[in-house]
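The values are calculated or read from the model by the stated rules, or taken from the named source; none is laboratory data. Keep in mind that what you see is a predicted model, and the values were worked out from it rather than measured. All Cβ positions, even for glycine, are placed from backbone atoms using ideal geometry, and neighbour counts span all protein chains on display. With ligands, DNA and RNA removed, areas are computed over all heavy atoms of the protein, side chains included. Shrake-Rupley method; radii C 1.70, N 1.55, O 1.52, S 1.80 Å.
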Amino acid sequence: MTTRQHRSHTPRAAAAARSGGRRHLGRAILAVTTAAGLGIAGTGAARAAGTGTATAAPTCAVSHLSASFGKQLAGGMNHQGVVVKLTNTGARTCLLRGYPGLGLENAAHRTLRSTTHWGDTWYAKSPAKSTLTLRKGGSAEAVIAWTHANTGTPDAVRAAYLQVTPPAASSHKTLAFPQWVDQGDLQVTALAYRIDVED
C-alpha cells in the first residue's frame with residue numbers, strides 16, 4: 001500500500017514541484033532580464049553622457065575678424081575691382097557662409113548711396129554659397145567689382161571708405177577706398193577660400 005500510495009501521489013507531487021519550479025525559474029529569469037535591461041540602459045545613458053554631441057563652431061563675430069584688400073583688378077570698359085579678405089583673428093574656429101554686405105562712406109565716414117549686387121562680377125563667377133570653416137589665422141575672400149565711366153559727374157559716387165559687413169553680422173569693418181563708383185553700384189561674389197579671377 002505504501003508503495004502504491006507513493007506511486008499514486010508521485011504525479012501530483014511532481015506536477016506541483018514542476019509548477020513551483022517554473023514559478024521560481026520564471027521569477028529568476030525575469031530578475032536577470034530586468035537587471036540586464038537596467039544594465040544596458042545604464043550603459044547607454046553613460047555612453048550618451050560620456051560622448052555627448054559635438055558643439056558646432058559659431059559664426060565668426062565681427063570683433064574676431066579683420067578685413068583687408070588683396071589683388072587689385074583692372075580692365076577695359078571702365079571696369080575696376082579688388083579682392084577683399086576676411087581673416088579670423090580670434091582664438092577659436094568660426095564659420096562664414098554667403099555674401100558680404102558692402103557700403104560706401106565719404107571722407108567724414110558718412111554713408112553714401114550705394115547698391116550691392118550679389119553674384120557674378122566682371123572678374124569672376126560667384127561660387128555657390130558654402131559654409132567655410134576658418135581656424136585661427138584662416139581667411140575667406142570675395143571679389144568686388146564696379147565701373148567708373150562717369151568719374152566726376154553727378155551719376156558717380158565719390159567714396160573714401162568701403163564698409164564690409166560679414167555674413168550674418170549687423171556691424172562692419174571699414175577700409176580706405178578712394179574710388180569713383182558709377183551710381184554707387186557694387187557687385188560682389190559669395191565668399192570662398194579662394195576665387196580665380198580674370199583681369
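Please go through segment 114-128 and pick out each residue that is in a loop (DSSP other than H, G, I, E, B), within 20 Å of ASN78 (Cα to Cα) and open to solvent by 50 Å² or more (accessible area, probe 1.4 Å).
Looking only at segment 114-128, we keep the residues that are in a loop (DSSP other than H, G, I, E, B), and these are 114, 119-128.
Narrowing further to those that are within 20 Å of ASN78 (Cα to Cα): 114, 119-125.
If the condition is that a residue be in a loop (DSSP other than H, G, I, E, B), within 20 Å of ASN78 (Cα to Cα) and open to solvent by 50 Å² or more (accessible area, probe 1.4 Å), then ASP120, TRP122, LYS125 are the ones that fit.
When ARG47, ARG113 are checked against the criterion of being at pLDDT 95 or above and of a type in the set (Lys, Arg), ARG113 stands alone in meeting it. Total residues in segment 158-193 satisfying the condition of being open to solvent by 10 Å² or more (accessible area, probe 1.4 Å), among the hydrophobic types (A, V, I, L, M, F, W, C) and either over 26 Å from SER63 (Cβ atoms) or assigned to a loop (DSSP other than H, G, I, E, B) (or both): the figure is 3. Of everything listed in (1) under 18 Å from LEU191 (Cβ atoms); (2) without any contact (Cβ under 8 Å) to a residue 40 or more places away in the chain; (3) not hydroxyl-bearing (Ser, Thr, Tyr), the single unmet condition for LEU86 is (2). Taking residues in segment 89-101 that are in contact (Cβ under 8 Å) with a residue 40 or more places away in the chain and of a type in the set (A, V, I, L, M), and partners anywhere that are buried (at least 17 other Cβ atoms within 10 Å of the Cβ) and part of a loop (DSSP other than H, G, I, E, B), the pairs with Cβ atoms closer than 7 Å and at least 6 places apart or on different chains are LEU96/CYS60; LEU96/PRO166; LEU96/PRO167; LEU96/LEU191.
Quick grid of which residues meet (1) at pLDDT 95 or above; (2) in contact with a strand residue (DSSP E or B) (Cβ under 6 Å, 6 or more places away or on another chain):
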{"position": "ALA91", "(1), (2)": "yes, no"}
{"position": "TYR99", "(1), (2)": "yes, yes"}
{"position": "ALA128", "(1), (2)": "yes, no"}
{"position": "ALA145", "(1), (2)": "yes, yes"}
{"position": "THR153", "(1), (2)": "no, no"}
{"position": "VAL164", "(1), (2)": "yes, yes"}
{"position": "GLN179", "(1), (2)": "yes, yes"}
{"position": "ASP182", "(1), (2)": "yes, yes"}
{"position": "VAL188", "(1), (2)": "yes, yes"}
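Within segment 80-113, can you find the residues that are closer than 19 Å to CYS60 by Cβ and either outside any strand (DSSP E or B) or among the acidic types (Asp, Glu) (or both)? The answer is THR89, GLY90, ALA91, ARG92, THR93, GLY98, TYR99, PRO100.
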